[in-house]
Amino acid sequence: EDAGRVTASIAQPVTGVERRLISSQYFEPGNLMKDVCVWTANHASAILPVRLSLPPPIPTLISNSGESTEKVRCPLTMSPSTLVVRFGDPVTANCSVAREDFFGLGWEVSLGPPELSMNSFVVWSVDRMTEWNEKPACYALSEHGGQCHINLPLTVYKPPDSVSLSFVNHTGPMFEGHQYTLQCTVQDVAPVKNLIVTFYRGQTALGKPQSSNNTEKKPVTEIFSLNITTSEEDDGGQFWCEAKLELGPAGIKHPPVVRSEKLTATVLFGPQVLCPTKLQVTEGERLSCEVRGNPPPLVTWFREGQVVAPPTNSARKHAGKYTVSAKGQFGLKNFTVEVEVLAGSGTTNSFRHFMLASLLIQMINCL
């Protein structure tokens with residue numbers, strides 16, 4: 001007897017047939033102590049009923065004489081070695097033993113009663129995976145009275161029902177330079193610890209991908225947040241978030257990905273005047289400076305203190321200093337630009353176009 005295990009060997013020679021009873025108490029991964037009796041007669045075996053009792057410490061393999069033997073590597077093989085399954089899908093896994101001195105192979109699972117098989121392999125199969133916390137394990141008994149087991153790593157997953165994006169405590173237009181919080185809500189996903197959430201503006205990822213420390217295996221709703229400071233580049237930009245289940249190398253080839261709807265941002269900014277301090281234009285060109293703002297600012301041109309219209313067909317007389325005044329919702333900006341008008345470009349180009357057109361007409365008439 002050894003730490004809650006009893007092994008007995010009784011030889012009964014009857015008319016040349018040796019009958020042997022091997023009685024062994026052993027552990028299954030579910031921490032239940034079981035008595036198994038196996039009658040062997042000339043290598044034929046029969047399994048007697050099993051009794052459950054309280055779990056003592058896990059024993060080592062022992063010999064028929066009751067002496068402890070050296071611990072042996074568990075000779076069980078799983079196929080597949082890791083299992084990833086969507087909730088509600090079928091599951092199949094095979095467990096086999098490679099050594100003849102082990103017998104009594106079985107699975108310990110909550111989806112069905114444990115069964116002991118005398119074959120060298122045993123298959124666990126269910127039509128629908130309906131348990132989130134299943135911890136399947138395969139075990140085998142040794143002729144020496146011990147037992148070993150290995151666990152099958154199992155991940156049961158469920159893609160999110162939906163993913164949505166919003167701004168926290170804010171609706172409507174935003175202001176340039178202010179901080180806002182984006183919130184990505186992922187509804188009913190499992191396991192949430194395998195979830196990776198990324199925020200985007202257009203096709204540009206914002207910040208680092210985020211994950212959760214929640215170890216709950218059943219579906220939960222998780223919220224992820226990201227602070228942003230708006231700029232004029234965000235005006236008209238589309239924000240969205242993406243939730244992806246990273247299920248590891250044993251997972252499916254294309255991980256489940258669910259994206260939120262795109263949220264178009266309106267950012268109020270400006271006015272801004274984008275113009276060099278010295279501007280060169282050629283004769284015939286339009287004089288202009290780029291002015292940005294939301295809402296669009298009111299732009300006024302001044303020359304020598306007088307309101308003027310910027311020339312659309314520049315001439316030498318239009319050279320000089322101008323002041324561009326841009327008035328927007330957030331203030332007034334004045335910008336001074338010195339304009340230089342280069343000779344000939346506009347007139348020469350028009351003349352060249354006229355000559356080329358005339359020559360083309362003459363060639364057509366000669367055909």
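Under the condition of being in a strand (DSSP E or B) and either open to solvent by 40 Å² or more (accessible area, probe 1.4 Å) or closer than 23 Å to T282 by Cβ (or both), the residues counted in the range 301-336 number 17.
Does the range 117-125 contain at least one residue that is among the hydrophobic types (A, V, I, L, M, F, W, C), at pLDDT below 80 and within 30 Å of V192 (Cβ to Cβ)? The answer is no, given that none of the residues of the range 117-125 is among the hydrophobic types (A, V, I, L, M, F, W, C), at pLDDT below 80 and within 30 Å of V192 (Cβ to Cβ).
Of all residues in the range 153-198, those satisfying the criterion of being touching a Phe, Trp or Tyr at 6+ places or on another chain (Cβ under 9 Å), hydroxyl-bearing (S, T, Y) and farther than 14 Å from Q210 by Cα are Y157, Y180, T181. Restricting the search to strands (runs of 3 or more DSSP E) fully inside the range 187-257 and requiring at least 2 residues that are in the same structural domain as G172 (by the TED database) and crowded, with 17+ Cβ neighbours inside 10 Å gives 195-201, 220-229, 238-245. Here G172 meets each of (1) out of contact with any strand residue (DSSP E or B) (no Cβ under 7 Å at 6 or more places or on another chain); (2) over 19 Å from T229 (Cβ atoms) with one exception, condition (2).
Assess whether L141 counts as being of a type outside the set (S, T, Y), surrounded by 16 or more Cβ atoms within 10 Å (Cβ to Cβ), over 16 Å from L226 (Cα atoms) and more than 22 Å from the chain's Cα centre (by Cα). Taking the combined requirement at face value, the residue satisfies it.
Scan the range 149-171 and tell me whether some residue there is among the polar types (S, T, N, Q), farther than 30 Å from T221 by Cβ, in a strand (DSSP E or B) and open to solvent by 20 Å² or more (accessible area, probe 1.4 Å). No, the conditions are met nowhere in the range 149-171. Among residues of the range 194-214 that are touching a residue at least 24 places away in the same chain (Cβ under 8 Å), those with a beta-carbon under 6 Å from a residue that is of a type in the set (D, E) and open to solvent by less than 70 Å² (accessible area, probe 1.4 Å) at least six positions away or on a different chain give the pairs T198/E242.
How about the range 275-300: which of its residues are in a loop (DSSP other than H, G, I, E, B) and either at pLDDT 95 or above or on the phi < 0 side of the Ramachandran plot (or both)? Once the filter is applied, which keeps residues that are in a loop (DSSP other than H, G, I, E, B) and either at pLDDT 95 or above or on the phi < 0 side of the Ramachandran plot (or both), the range 275-300 yields C275, P276, T277, E283, E285, R286, L287, S288, C289, P295, P296, P297.
The values are calculated or read from the model by the stated rules, or taken from the named source; none is laboratory data. Every value quoted in this text rests on a predicted model; they were computed, and no experiment measured them. Using ideal geometry, Cβ is built from the backbone for each residue, glycine included, and neighbour counts are taken over all protein chains shown. Please note that ligands, DNA and RNA were not included when accessible areas were found on the heavy atoms of the full protein model with its side chains. Shrake-Rupley method; radii C 1.70, N 1.55, O 1.52, S 1.80 Å.
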